[in-house]
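Heads up, the thing below is written out as structure tokens.
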Amino acid sequence: MGQCGVISSKTVLVFLNLIFWAAAGILCYIGAYVFITYDDYDNFFEDIYTFIPAMVITAVGTLLFVIGFIGCCATIRESRCGLVTFSAVLLLVFATEVVVVVLGYIYRAKVEAVVNHSIQKVYNEYKGTNRDAPSRAIDYVQRQLHCCGIHNYSDWMNTRWFIESKNNSVPVSCCKSSISNCTGTLMRPGDLYPEGCEVLVVKKLKDIMLYVTLAALTFAAIQNNRPKHEKQGV
């Protein structure tokens with residue numbers, strides 16, 4: 001009966017370690033998704049510290065892969081020292097996830113102020129070519145988020161690009177995807193996206209930061225509520 005209980009305990013622990021591996025994969029995926037998305041919006045973000053939560057959660061995911069392996073080996077070999085080390089590292093990971101939650105909350109609150117500070121500068125640097133980063137960033141955002149200008153398409157009339165081009169039009173990226181012959185002319189405002197990009201960029205970045213925070217919070221809760229026999233060792 002006692003042997004059966006030990007085997008059952010080992011099985012549960014190995015299963016939990018497999019769950020940690022799955023969690024590690026999810027955390028690494030979220031971290032990679034955040035980095036890729038920020039790469040598309042980095043011109044609107046001058047604060048490098050905004051990347052910290054994503055970097056930490058990626059590091060946590062990588063660490064979970066390692067400790068999952070340690071936990072499996074310690075369980076199979078019945079190494080009490082290994083299990084103690086495993087539990088100690090898990091405690092460190094839990095603390096790190098709590099830090100990610102706090103940082104995610106702090107930087108999510110800063111998103112709007114940071115974007116408000118930088119977006120006007122980015123639009124003023126627009127040149128209408130794919131060779132410079134601000135132009136690529138603005139065209140990408142306007143197409144992806146279906147927006148035009150900072151608050152609306154009329155903001156383009158105050159930009160250097162609009163004044164110098166003298167063609168009374170906005171970038172083609174402002175054109176609605178359903179309009180095939182749109183040239184961006186202000187003579188046909190109905191062809192343009194009516195909503196400005198500032199609000200949508202802020203919403204997109206806040207949503208990304210929320211994903212990071214919720215992921216860290218969820219896995220921290222899972223770790224904190226894992227079975228007592230895992231916390232104490234086999």
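Structure data summary
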quantity	calculated
Exclusive hit being modelled with pLDDT under 90 and open to solvent by less than 40 Å² (accessible area, probe 1.4 Å), set Leu103, Leu63	Leu103
Filter pass, Val93 being aliphatic (A, V, I, L, M), open to solvent by less than 10 Å² (accessible area, probe 1.4 Å), in contact with a Ser or Thr (Cβ under 9 Å, 6 or more places away or on another chain) and at pLDDT 70 or above	no
Some residue of the stretch 77-87 being of a type in the set (Phe, Trp, Tyr), under 26 Å from Val101 (Cα atoms), part of a helix (DSSP H, G or I) and modelled with pLDDT of 70 or more	no
Unique residue being more than 28 Å from Val34 (Cα to Cα) and of a type in the set (Val, Ile, Thr) when the list is Ile150, Ile208, Ile179, Ile106	Ile179
Hey, Tyr126 of a type in the set (Phe, Trp, Tyr), at pLDDT 75 or above and farther than 23 Å from Val141 by Cβ or not	no
Ala109, sole failed condition from (1) within 28 Å of Cys197 (Cβ to Cβ); (2) modelled with pLDDT under 75; (3) out of contact with any Gly (no Cβ under 7 Å at 6 or more places or on another chain); (4) among the small types (Gly, Ala, Ser)	(2)
Test: residue in the stretch 23-40 that is surrounded by 16 or more Cβ atoms within 10 Å (Cβ to Cβ), small (Gly, Ala, Ser) and either in contact with a Cys (Cβ under 9 Å, 6 or more places away or on another chain) or modelled with pLDDT under 70 (or both)	no
Options Tyr105, Tyr126: the member that is under 18 Å from Arg160 (Cβ atoms) and of a type in the set (Phe, Trp, Tyr)	Tyr126
Pick from the stretch 137-166, criterion small (Gly, Ala, Ser) and out of contact with any Phe, Trp or Tyr (no Cβ under 6 Å at 6 or more places or on another chain), ranking: nearest to Tyr41 (Cα to Cα)	Ala137
Subset of the stretch 124-161 [open to solvent by 10 Å² or more (accessible area, probe 1.4 Å), touching a residue at least 40 places away in the same chain (Cβ under 8 Å) and assigned to a helix (DSSP H, G or I)]	Ala133, Pro134, Tyr140, Gln144, Leu145, Tyr153, Asp155
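The values are calculated or read from the model by the stated rules, or taken from the named source; none is laboratory data. Treat the numbers as computed from the prediction; the structure is a model and nothing was measured. Glycine also receives a Cβ, built like all others from the backbone with ideal geometry; neighbour counts cover every protein chain displayed. Keep in mind that these areas ignore ligands, DNA and RNA; they rest on the heavy atoms of the full protein, side chains included. Shrake-Rupley method; radii C 1.70, N 1.55, O 1.52, S 1.80 Å.
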